[in-house]
1. Quick one: angle between helix 80-100 and the longest Cα principal axis of the chain, in degrees between 0 and 90, rounded to 10, please.
2. Please give, to one decimal in nm, the separation of the simple spin-label points placed at Ile63 and Thr146, each 7 Å out from Cα toward the Cβ.
3. How much length is gained on full extension from Leu25 to Phe160, taking 0.36 nm per residue of separation minus their Cα-Cα distance?
4. With axes computed from alpha carbons, what is the tilt in degrees of helix 106-125 against the longest principal axis of the chain, rounded to the nearest 10 within 0 to 90?
5. Which of Ile142, Thr129, Pro29 sits farthest toward the positive end of the charge dipole of the chain, with +1 on the Cβ of Lys and Arg and -1 on the Cβ of Asp and Glu?
6. With the contact rule set at Cα under 8 Å and sequence spacing of 6 or more, what percent relative contact order holds for region 2-170?
7. Would you calculate a helix-derived [θ] at 222 nm for the chain, using -39,500 (n - 2.57) for each DSSP H run of n ≥ 4 and dividing by the full residue count, to the nearest 500?
8. I'd like the orientation of helix 2-19 relative to the chain: the angle between its Cα long axis and the longest Cα principal axis, in ° from 0 to 90, rounded to 10.
Amino acid sequence: MDWLILFLGIVLIVLGLVGCIVPVLPGPPLSFIGMLMVHFTRFADFTNNMLITMGFLALVVQILDYIVPVWGTKKFGGSKYGTWGSIIGLIAGIFVLPSIVVIGPFGIIGIIAGPFFGALIGEIIAGQTSEKAFKAAFGSFIGFLTGTLMKLATSIIITFIFAKEIISNIF
């Protein structure tokens, strides 16, 4: 049974890394669940502090991934219209575009393009110049990249700790 749980843990770790790029999968939480599963086998013995810290980090980074594009819009001079446009665009990018086109890379395109075009449209509705509107939309894109990098860093850290523990207990 331990071998099966180890295999499932490895699958979740890999899915967690993939989930940092693919918007349908919650990357860091999947990586953490893989780590947590293996903790209950003979292959790993993480401390409670390690599990709490990694679980908290995975949760916080996952939440921040949805907040940072909105923050980027504000930071690059976006108004309330641009901020709300970014939020509406993010929601539309997550749910609408992938449900229209089920296969292909459109999920990630929706996650990137949704906040960008939402912020752009919001700023144009607010009467901003196209230059200022594009600047706010660019801030949304920078926020998306920042969120993705945070998720990737977190999942890589969890993967490293996971692999180190497994290797030290098997060999």
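The numbers here are math on the coordinates, done by the rules we state, and not lab data. Owing to the predicted nature of the structure, the values given are computational and were not obtained by experimental measurement. Every residue, glycine among them, receives a Cβ derived from its backbone with ideal geometry; neighbour counts consider all protein chains shown.
1. 60 degrees
2. 1.7 nm
3. Full extension of this stretch gives 46.6 nm more.
4. Approximately 30 degrees, to the nearest ten.
5. Value computed over the given set: Thr129.
6. The value is 29 percent.
7. So the helix-based figure for the chain works out to -29000 deg cm²/dmol.
8. With both axes taken from Cα atoms, the answer is about 20 degrees.
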